[in-house]
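Report on one structure; see the data block that follows.
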Amino acid sequence: MSLSGFVLRNAFRNKRRLTLSVSSVAASLFLLVMLQVALRELTNPINDEGSSLRIIVRNKVSLAQPLPARQLQVLERIPGIVAVTPFTFYDGLYKGDEKFTSFAQFAVDPARTLLLITDAKVPREQLDAWLADRTSCILGQMTADRYGLKVGDRMRFTGQIYPCELDLRIAGIYHGTADDRNLMFHHKYLDESLGNPGTVGAWWVRAATVAEAPLVTDRINKAFANSSAEVRAESERAFVLGFVSMWANIKILIGGISIVVVFALLLVTVSTMSMAIRERFRELAILKAIGFRRRELFAFILAESFGLSMLGAILGAGGAWVLFHSIDITKLSHGLFLIFEVTPHMVGLAFSVAALLGFVAALAPMLTVARTSVVEGLRTLD
Amino acid sequence: MTDEPIVAIHELSKVYQQGDTKIIALDSITLDIAPAEFLVLMGPSGSGKSTLLHIIAGVDRPTSGEVHVQGKDITRLNESELADWRNHNVGFVFQTFNLIPVLTAYENVELPLLLTRLPGRERRRLVTTALELVGLADRMKHLPRQMSGGQEQRVAIARALVTDPSLIVADEPTGNLDSHSAQEVLGILQQLSREMRKTVILVTHDPKAAAYGSRQVHLEKGELTN
Amino acid sequence: MALPIRYSLRNAIVRWRSTIATVLGIALVVFVFVLLQSLAAGIEKSSGNTGDPRNILVVRKGATAESASLISRQNFQQIQYFEGIARTPTGEPVISADVLVLVTLPRRDHSGEANVLLRGVTPRGRELRPQVRLVAGRWFTPGKREVVVSAKLARRFAHFDLGDSFKSGTATLTVVGSLDGGGSAFDSECWLDADECRSIFERDMYSSFLIRPADEAAATKLVERIENDRRFKLKAEKEVEYYRKQTMTAAPFKWLGSFLAVMMSIGAVFAAMNTMYAAVGARTREIGTLRVLGFRRRSVVFAFLLEGAFLAFLGGCLGCVIAYHWNGYTTATVGLETFSETVFEFRVTARLVIEGLLFAVVVGLVGTLLPAIRAARLPVITALKSI
């Protein structure tokens, strides 16, 4: 029997405790990785080429305040703008959903919007159908898949902000954008349902080049300064980040939770090692008496401690990796999560934590073994 | 005073199985102990004297044979009954004193009484009497670590006495004591046998301690020799 | 027939050094649990409103919150003369129409902007909400661009001191007073004149109506009538009922608190197990002695369980004491229903403390179970070994 065999045999002595502790380590590290993934999803907005060209223009008062439709004429004349469309978030409850609908519906001007969502892939005839039918819409592939919808189906919505209902026919299904969940329909339809209030929720603008985008933003803000409806124009990225910053402390929260998780982990590993070594005190004393040196005993302890934490890391972090690379999370979460991804960095972090814990958990037992004389060890009753 | 032995042992054997080997700790021991005897069990280590003591005291079970204490065959009692029986009929004195470290002398002596239904006032009386008997009434509130070895052992004797058992067993009670304390303790045990008519069974390998007894019995390799 | 309680308690205390890790571990578990739950309790309270139980609130059907609701002026004309609405001595119906507007304003600590809920009220609207009191300055004058801000919000937003002005939309609003909402949702609002609000923010529609019915029977009839009328798509319910249902924001914190507590308690259970195994290991002779004296196995088990539970209880107390430090601490978050800054106070209630302590004891018991059984299984002879 080799020394490593000896270590292994010892580790498997108490199978129940081993299973319990490895499982808790694995579960904690899995959770740690999940937290990192969630943090990344929430704080990293989608970064595709299109989004760096696009600008959102909202009422300076707040996002909930509408803008006059007549601003369109002013916007069209601003240099550097390639396309502009009204962009109103309808916030409807899809018939059939109970409490909330996880995909958004936007009222837009279809012809103008085509210039903005250039990365969307839709068959030409579907686009034409959309343009032609005022009560139609185009739907993101993800949502279509989720609800099992196809071109020609109808969708009904109850307005949660606007006092009107929608009855739309799906003219086309798009994919290829960074967020293939949303639905877009004719702003004219919304206007008619509301009695033509002459307002829009926001403007969606496309700048000519990435370099010009910030200048365009500036120009838009200035164009409406001191008007009856001042605006705040910002890049799409900044706009999304603004939402995130409302959850101002999410990084702190997740950081706090991570610390808590690691702490619980620490308790588990340290306690387990303590218990394991205590059982084997007599044995270790005998080994000492036989002639094994301290450092060899330390090696045994460290090997077991690391083994425990690494096994937990493989199961937990590794499991998370495998999970996310083999399952389409976006489908599974019904479109709630988009970029759920386990990066090598996160897995590395988990393993580092496990390694550190493996080391820390071995410290106390090593110390005790070092300090206890052979005679005392032999006296132990266990 | 009757001639009935208080402890009647008949063909008592204790065999351990270790893997394929059999270890015979006691081999067909037959022995009678008279009431108020101060019996000393002597023998080299491994002779089985402690094992014999344990079986008489109801702490261990024989593989075969019978042990009758005050007419009762204790080998027939189950775990629960044995525990009860010990509580009422046997007083223990250990080599390592075995006092509960977190309890005071008073509380240690009171422990066996907590298993009876005696009311608090009665318990107090018994505990005080027992401690006075061993001369430690003034140390009632002391914890074991505040006492010397000799004092601890005397508290242990008080504990052994408190339920007024007929049998006192002592396993190397002076092994951890200096000679002065050892003499004190042995003296008390002798007093228990002579004046209080208690049957005392002492296990020792020390001939000086053995001299305090009224009868000596030798064991070697599980058998009585003489 | 059992071992005295003081045996367990003293043993727990005497070995305090070796048990400190467990006690601290459990203290932290209970601390996190109580803190997060008290956060949830605080949010719940401030989303609620112990308003006048007679009032009926009318919002648009399907609106997730008052601030998202839009009701037309026409509806107001139609409803205000309904039978069943109480009347003032001069014959006016006791009904008010409010306009809720969300505005984005800069925070006081320069950390960015956040949404604030402005409520345009009529004098009747103020009367119907007597729990909202003025604590400084004066009420706004109808017709003027004045606003009364929540005292609690004032601490968080720039330009909210008495006499300050801030710009929103085309108007400049002057802060003339601060209000106290009595720990209700109104503590996260700023009030101004309803008509001024409508004109500044170009609101044609109202957000909600608040009605005082003539009596209980009238109330039921009114609710039925409003909800069943096909002309309006409105929802009517008791004001207190509406606020009671606003629990969305607190829910994730409640869940988080329980989840984290469970996660951490796994670690705490292990720590307790470790401590108690150590205890049993160190006291094998003692346990044997007790068995020799006649104490049953179950007495031994019970004594150890008590010891473990007591340790855990101490940890729980420590955790609660630390958590209590946060009691009354005021902060804010984005209300998920109103989408505006909602101030709340951490509320460490007696019920939470009890829950925390119970939780600690359960953790202690679970962790002690196996070691206690081990103690009971020790053969009696361990007392008699001389080594």
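No value in this document is a laboratory result; all are computed from the given coordinates. Since we're looking at a predicted model, the values are computed, not measured. We place every Cβ from the backbone using ideal geometry, glycine too, and count neighbours over all the protein chains shown.
Computed quantities for the displayed model
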| read-out | value |
| --- | --- |
| Length released on extending from C:T172 to C:A2, taking residue separation times 0.36 nm less the Cα-Cα span | 53.5 nm |
| Fraction of beta bridges assigned by DSSP in region A:61-229 that are antiparallel (%, nearest 5) | 70 percent |
| Selected from A:R278, A:R40, A:R58 as most flexible by GNM, with chain A as the system and alpha-carbon contacts under 10 Å | A:R278 |
| Whichever lysines have a C-alpha closer than 16 Å to that of C:K144, once near sequence neighbours (fewer than 8 apart) are set aside | C:K167 |
| Label-point gap, in nm, between B:H88 and B:H10 - each point 7 angstrom along Cα→Cβ | 2.3 nm |
| For A:T101, distant residues with modelled amide H under 5 Å away | A:Y94 |
| Integer Hz, Karplus 6.51/-1.76/1.60 couplings in order for region C:124-132, x for Gly and Pro | 5, x, 5, 4, 6, 10, x, 6, 8 |
| Built amide H within the under 5 Å cut-off of B:L99, gap 5+ | none |
| Anisotropy class of region A:45-125 from Cα gyration tensor, a/c 1.5 cut | oblate |
| Values of log10 I(q)/I(0), in the order q = 0.05, 0.07 Å⁻¹, for the protein assembly as shown under a Debye, Cα-only, solvent-free model | -0.51, -0.78 |
| Distance-filtered residues of region B:34-73 - backbone nitrogen under 13 Å, label point 7 angstrom along B:K22 Cα→Cβ | B:63-64 |
| Extension reserve of the C:S165-C:V321 stretch, reckoned as 0.36 nm per residue once the Cα distance is removed | 51.9 nm |
| Pairwise FRET efficiency - A:T343 versus A:S23, Cβ, R0 = 41 Å, nearest 0.05 | 0.95 |
| Anchor B:K208: lysines whose Cα lies under 24 Å away (excluding residues fewer than 8 positions away in-chain) | B:K49, B:K198, B:K221, C:K385 |
| Relative contact order, percent, chain C [alpha-carbon distance under 8 Å, six or more residues apart] | 30 percent |
| Max mean-square fluctuation residue, GNM over chain B, Cα-Cα springs under 10 Å, options B:L99, B:L126, B:L77 | B:L77 |
| Fluctuation leader among C:T333, C:T368, C:T88 - chain C, Gaussian network, Cα springs under 10 angstrom | C:T88 |
| Per-residue average of Cβ from other chains inside 10 Å of C:203-212 | 1 |
| Prolate/oblate/rounded call for chain B, Cα gyration tensor, a/c under 1.5 rounded | prolate |
| Within straight-line cross-link reach of A:K288, aspartates and glutamates at Cα separation under 13 Å, skipping those fewer than 8 residues along the same chain | A:E296, A:E376 |
| P(r), alpha carbons of chain A - 20 Å bins starting at zero, rounded % | 23, 38, 21, 15, 3 |
| Shielding by other protein chains, B:83-89, mean Cβ within 10 Å | 3 |
| Test item: B:91-104 mean partner chain Cβ contacts at 10 Å | 5 |
| Helix B:120-133 axis, angle to chain B major axis (alpha carbon atoms, nearest 10°) | 80 degrees |
| Share, in percent, of DSSP beta bridges within chain B that are antiparallel, nearest 5 | 50 percent |
| Per-pair calculated FRET efficiency, R0 = 41 Å: A:L323 and C:Q77 via Cβ, rounded to 0.05 | 0.10 |
| Subset of A:K121/A:K150; A:K99/C:K45; C:K61/C:K245; A:K60/A:K188; A:K222/C:K152; A:K99/C:K238 violating a 26 Å alpha-carbon distance limit | A:K222/C:K152 |
